[in-house]
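Note sheet for the following structure.
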Amino acid sequence: MQKPTETTPANDSTLKLPKKSTSAGVKSAGTTPVPRKKAARPARARQPQTIDLDDPGLYLNRELTWLEFNRRVLHMAAVDTTPLLERVKFLAIVSSNLDEFFMKRVGGLKQQIAAGIRTPSVDGRTPLEQLQESQLVVRDIHREQNRIYRQLLELLDAQGIRLTRYLDLNQEDREQLRNTFINNIFPLLTPLAMDPGHPFPFISNLALNLLVTLGYKGGSTRHYARVKVPMLKEIAPRFLRVGDSHTFVKIEDVITHNIDLLFPGMEINSCELFRVTRNAIVESEEEEADDLLAMIETELRDRHFAPIVRLQVDKRMNPTHKGMLAAELGLDEVADVYGIESLMAMRDLFEIAGLDFPELHDPPHKPVEHTRLVHDTRNIFHIIRERGALLMQHPYESFTTSVERFLRTASEDPKVLAIKMTLYRTSEDSSIVDSLVNAARNGKQVAVLVELKARFDEAANIRWARRMEQAGIHVTYGVVGLKTHSKVILVIRKDYNGLRRYAHIGTGNYHAGTARLYCDLGMLTCDNDIAQDLTELFNYLTGYSPPPRYRKILTSPYTLKKALLEKIDREIKQHSADTPGLIQFKMNALEDVDITRALYRASQAGVKVDLIVRDTCRLRPGLPGLTETTQVIGVIGRFLEHARIYFFHNRGEEEYFIGSADLMTRNLESRVEVVTPVEDPKLRQELRLIIDVQLSSRKDVWEMQSDGTYIERKDTTGKKTLSSQETFIELAQKRMAAASKHQQAKLRQKLLDHFHNRLKQN
């Protein structure tokens, strides 16, 4: 199977070249990255050429670069080196991502257009131009999705997994599914007539619907009805299993061919599938809200009735019916309606991807315990106090035996007096909330800042907030106008020599599920300055104290952006032949224009800039006279890259930071984020390894070209190559094995000493 190696824009206007420079051309797919050696850096500081850093052609568009990221994810579904059911999973991920794109990004663009905003963004596009170009790219992605889906159907069939049509089943299997329909699906169906006496029904967001055209026998009048397809995971999943086999039929197909039971005595002329996507951006003014919890609940209800931004229909739908739906829903039939050629709502393929076929999945991955914790059963606070800070790398190291252990111990330790925490997202299977409730019941003072406006998790966070309030926990909702996105726990403990504060600062949510799927970092520490900073941060978040001045941590919206800009400028000033400058950032997105412009200045001055960016990136590498010393790569693998690391060479006095903030304007100016320095030399070595491995990896790495397209790196050595994620799995297992051997050696020595002492006594 031929593998795609390059993502390209939908048309020539998607990515614009700067006026005063030309494209550096497309690199070979086997291009070797510049190694991190002094010899590879510029010999001297350059005299910057006169390039207008406000030129819109220098800045890639946020929406389009995010869509290009989804092309790279889709590529994982296309390559035959990815296990088959993992390919199905990636196809589902792309579909889910596109649903969110329409709810959040397209919804936002449509709001701007409706408000009459015509001001171009930094890349020179108006909201209308961004919307139109995004729609073109989405349609192109849909075509590739359909091609891959058809391919995967054949491969699944070869493995005994069949996704087939109801009419292709034998009579016995049809009868079995008809009985399933009668018992489990039919009672859930509610046909809604559409005529002058019955107004057009409300259509739920992302729900599958059948538009049924029917009439009375012998009559000439055509009637319409809408039937919502029920989606209940246990009772009525999207893919209905035939008997005990691995043959599946779509639920809408089963309904369509048994819908006569729903309309007895009538003739069914057609049964056509459609689906709508609603705008998820429905926000009230917080300053006017007396009760933030009630306001968020109102927003959730409003989102249910929010304007529709996309209509998906079966590509074979009658044009008259398609036009009728578009008109009733207030949509442009050309721009806002998407004809689906194969499977609508491919996100439901997660059901197929989860089938128990071990040989068709990635090898099982079980996070190892942190080597400093695995054989040390002492109180975790003693370990941190005596052995120093710990850096956890998830999902390679266990979230349960590190972060959850930290909080669980805090809830039970009689010397712990108080716990303070920010909670952006958590999961049903996490012990986080249980530990907080247990701590409150054990008489500890517990304060939790819950972010009610965590997109698509608002309802869950309301439930958690109410449960914690009922347990006596002090629940607050942060600073008005700012989302609290930071990942912080602060524990106050009465140690043998007085009060001491212990902290966890991370890049990922306190969510047990995503900790097994997302690549994140977290640090456990009892550093006095960091602890004092976090104490003042919580006072700011829960009280009325003014934004504090911190000793070590960097926070949004007040200090982080300014500090990063100052550190980039410092790197430019310090850059010379003797002390070449080096900036290395790993993050999810680079969208902020001020940071991008500063990195342009740094690269123009000759500073080496390495960017590991998961999705959106405005900066363009490889532009002559501007970013010749800059490389931008993206890593796509079985886990979602989610960690943020910021490194500055600083003339040999190296600085490393980790934290919750991406380099997006919203994160730097409209959210509460926490980024902490990592000062322990051993922990810095771990961060250096992460950066170096990803920059040098030859597998699952994509290099951005000067025009904004990406080319997948290829290994030309002929040897078996591990991706960076596979490398980290292997390294974690080796560390664990080495720790076990060390522990076994210690135990052996202890036994030998014991027997030697007994011999002496005898």
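The values are calculated or read from the model by the stated rules, or taken from the named source; none is laboratory data. What you see is a predicted model, and the numbers here were worked out from it, not measured in a lab. Because the Cβ atoms are built from the backbone with ideal geometry, glycine has one as well, and the counts that use them run over all protein chains shown.
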Kindly provide the set of residues from the stretch 145-164 that are surrounded by fewer than 17 Cβ atoms within 10 Å (Cβ to Cβ), touching a helix residue (DSSP H, G or I) at 6+ places or on another chain (Cβ under 9 Å) and closer than 16 Å to Ile340 by Cβ, ordered by number. Arg147
Considering only residues that are touching a helix residue (DSSP H, G or I) at 6+ places or on another chain (Cβ under 6 Å) and not hydrophobic (A, V, I, L, M, F, W, C), which ones fall in the stretch 611-633? Asp615, Thr616, Arg618, Thr627, Thr629, Thr630
If you go through Leu188, Leu211, Leu152, Leu232, the only one that is of a type in the set (A, V, I, L, M, F, W, C) and touching a His at 6+ places or on another chain (Cβ under 9 Å) is Leu211
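For the stretch 375-408, enumerate the residues that are of a type in the set (Ser, Thr, Tyr) and either in contact (Cβ under 8 Å) with a residue 60 or more places away in the chain or crowded, with 19+ Cβ neighbours inside 10 Å (or both).
The answer is Tyr396, Ser398, Thr400, Ser402.
Residues checked against (1) of a type in the set (Phe, Trp, Tyr); (2) outside the structural domain of Asp533 (by TED's automatic domain parsing); (3) out of contact with any helix residue (DSSP H, G or I) (no Cβ under 8 Å at 6 or more places or on another chain):
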site	(1), (2), (3)
Lys366	no, yes, yes
Thr371	no, yes, no
Ile384	no, no, yes
Leu390	no, no, no
Ser402	no, no, yes
Arg405	no, no, no
Glu412	no, no, no
Thr422	no, no, no
Ser431	no, no, no
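Can you tell me which residue is surrounded by the most Cβ atoms within 10 Å (Cβ to Cβ) among those in the stretch 344-369 that are under 17 Å from Phe102 (Cβ atoms), of a type in the set (A, V, I, L, M) and touching a Lys or Arg at 6+ places or on another chain (Cβ under 8 Å)?
So the first thing to find is which residues in the stretch 344-369 are under 17 Å from Phe102 (Cβ atoms), and the list is 344-348.
Filter again for of a type in the set (A, V, I, L, M), leaving 344-346.
After this cut, where a residue has to be touching a Lys or Arg at 6+ places or on another chain (Cβ under 8 Å) as well, the list is 344-345.
Working: Met344: 20, Ala345: 22.
It comes out as Ala345.
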Reported set for the stretch 219-268 where residues are under 19 Å from Met194 (Cα atoms), at pLDDT 95 or above and of a type in the set (S, T, N, Q) is Thr256
Within the stretch 715-723, is even one residue closer than 30 Å to Pro624 by Cα, assigned to a strand (DSSP E or B) and at pLDDT 80 or above? no
Out of all the residues in the stretch 705-734, which are touching a strand residue (DSSP E or B) at 6+ places or on another chain (Cβ under 8 Å), polar (S, T, N, Q) and more than 30 Å from Met392 (Cα to Cα)? Gln705, Thr709
Yes or no: the stretch 82-100 includes at least one residue that is under 28 Å from the mean Cα position of the chain (by Cα), over 30 Å from Leu240 (Cα atoms) and among the hydroxyl-bearing types (Ser, Thr, Tyr). no
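Condition first: of a type in the set (Gly, Ala, Ser) and surrounded by 15 or more Cβ atoms within 10 Å (Cβ to Cβ). Now tell me which residues in the stretch 234-248 satisfy that.
Step one: of the stretch 234-248, the residues of a type in the set (Gly, Ala, Ser) are 236, 243, 245.
Within the stretch 234-248, Ala236 is the sole residue that qualifies.
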Going through Ile612, Ile711 one at a time, which residue ends up being in contact with a Leu (Cβ under 8 Å, 6 or more places away or on another chain), among the aliphatic types (A, V, I, L, M) and closer than 28 Å to Pro580 by Cβ? Ile612
Of all residues being at pLDDT below 85 and small (Gly, Ala, Ser) in the stretch 414-463, which is farthest from Leu534 (Cα to Cα)? Just the residue, please. Ala459
Counted residues, the stretch 200-246 - those being of a type in the set (Val, Ile, Thr), closer than 30 Å to Asp157 by Cα and touching a strand residue (DSSP E or B) at 6+ places or on another chain (Cβ under 7 Å): 2
Among the residues of the stretch 364-390, the number that are in a strand (DSSP E or B) and within 17 Å of Lys734 (Cα to Cα) is 1
Can you tell me which residues in the stretch 690-712 are polar (S, T, N, Q) and under 14 Å from Gly634 (Cβ atoms)? Gln694, Ser697, Gln705, Thr709
Count of the stretch 512-530 residues which are touching a helix residue (DSSP H, G or I) at 6+ places or on another chain (Cβ under 8 Å) and part of a loop (DSSP other than H, G, I, E, B): 2
Residue that is surrounded by the most Cβ atoms within 10 Å (Cβ to Cβ) [pool: residues in the stretch 694-737 that are of a type in the set (Asp, Glu) and farther than 30 Å from Asp376 by Cβ]: Asp700
Given (1) over 25 Å from Asp700 (Cα atoms); (2) in contact (Cβ under 8 Å) with a residue 24 or more places away in the chain, number of the condition Glu591 does not satisfy: (1)
Going by what's in this entry, would Thr616 be described as surrounded by 23 or more Cβ atoms within 10 Å (Cβ to Cβ), in contact with an Asp or Glu (Cβ under 6 Å, 6 or more places away or on another chain), closer than 24 Å to Arg713 by Cβ and not aliphatic (A, V, I, L, M)? yes
I need the full set of residues from the stretch 464-497 which are at pLDDT 90 or above, crowded, with 18+ Cβ neighbours inside 10 Å and closer than 15 Å to Thr542 by Cβ, in order please. Ile473, Ser486, Val488, Ile489, Leu490, Ile492
Per-region count, the stretch 339-363, residues part of a strand (DSSP E or B) and under 24 Å from the mean Cα position of the chain (by Cα): 0
